[in-house]
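Reviewing the structure listed below.
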Amino acid sequence: MSDEIVNYCDLSEHEKDKALHQLNELGYTHACGSISCMKKEMDKFHGHTLPQYIFVRRNGEFIGYMFLIAESEKSNKVFPWWAIDNSDELPLSTDIRLLQYGIDLCKKSKCFKLAERLQYQLENHKKYIGRRTEEASR
């Protein structure tokens, strides 16, 4: 079974809680507040505009994430980045799919600068620049 890319808004409440609680195991540390603050912020947004919260799961366990927030540093204390992910820790084929998914979402949201940054990251990862080797991936 291949790794599955899922949008946070498409998860059940149980899966949302599971995903948020597994973030720490994936190396994610929230910038401010608690998991419940993150959940409140993430539950506000739906549709095809940013922010978007994407997860990767394998056999029911969450192994990856990509949070696409905005093209500027807003006054959002919970998510103060343009984007954050752990794609570099995933197998290359999943890494490529996740970054391409993010690029497509950014383009649909008319966030072309962020799409360009993700495209640059994708090209580097294909060359194993800034990412783990296959043997060291999740």
Any idea of residue 34's accessible area? Nearest 10 Å², probe 1.4 Å. 50 Å²
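Applying a 10 Å radius around every beta-carbon, put 15-27, 94-106, 44-56 in order of their mean neighbour count, most first. Can you show the working numbers first?
On the way: 15-27: 15.3, 94-106: 20.3, 44-56: 17.2.
Ranking, from highest mean packing down: 94-106, 44-56, 15-27.
Taking a ≥ b ≥ c as the square roots of the eigenvalues of the Cα gyration tensor of segment 1-60, is the shape rounded (a/c under 1.5), prolate (a/b larger than b/c) or oblate?
Numbers: a/c = 1.75, a/b = 1.17, b/c = 1.50.
Note, shape of segment 1-60 comes out oblate.
Show that you can apply the helix-only estimate: for the chain, add -39,500 (n - 2.57) for every DSSP H stretch of four or more residues, divide by all residues, and state [θ] at 222 nm to the nearest 500.
Values: 4 runs with 51 residues, N = 138.
Theoretical 222 nm ellipticity from helices: -11500 deg cm²/dmol.
On average, how much accessible surface per residue is there in segment 94-135, in Å², for a 1.4 Å probe, leaving out ligands, DNA and RNA? All intermediate terms of the calculation are to be shown ahead of the outcome.
Numbers: 2620 Å² over 42 residues.
Dividing the accessible area of segment 94-135 by its residue count gives 62 Å².
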Can you work out the accessible area per residue across segment 1-59, with the rest of the protein chains kept in place, probe 1.4 Å, in square angstrom? 54 Å²
For the chain, what class follows from the C-alpha gyration tensor (a ≥ b ≥ c being the square roots of its eigenvalues): rounded when a/c is under 1.5, otherwise prolate if a/b is larger than b/c, else oblate? oblate
Run the count for the chain, please: Lys pairs, Cα-Cα under 22 angstrom, 8 or more apart or on different chains. 24
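The values are calculated or read from the model by the stated rules, or taken from the named source; none is laboratory data. Only a predicted model underlies this, so the values are computations on that prediction, with no experimental measurement involved. We place every Cβ from the backbone using ideal geometry, glycine too, and count neighbours over all the protein chains shown. Just the protein is used for accessible areas: all its heavy atoms, side chains included, with ligands, DNA and RNA removed. Shrake-Rupley method; radii C 1.70, N 1.55, O 1.52, S 1.80 Å.
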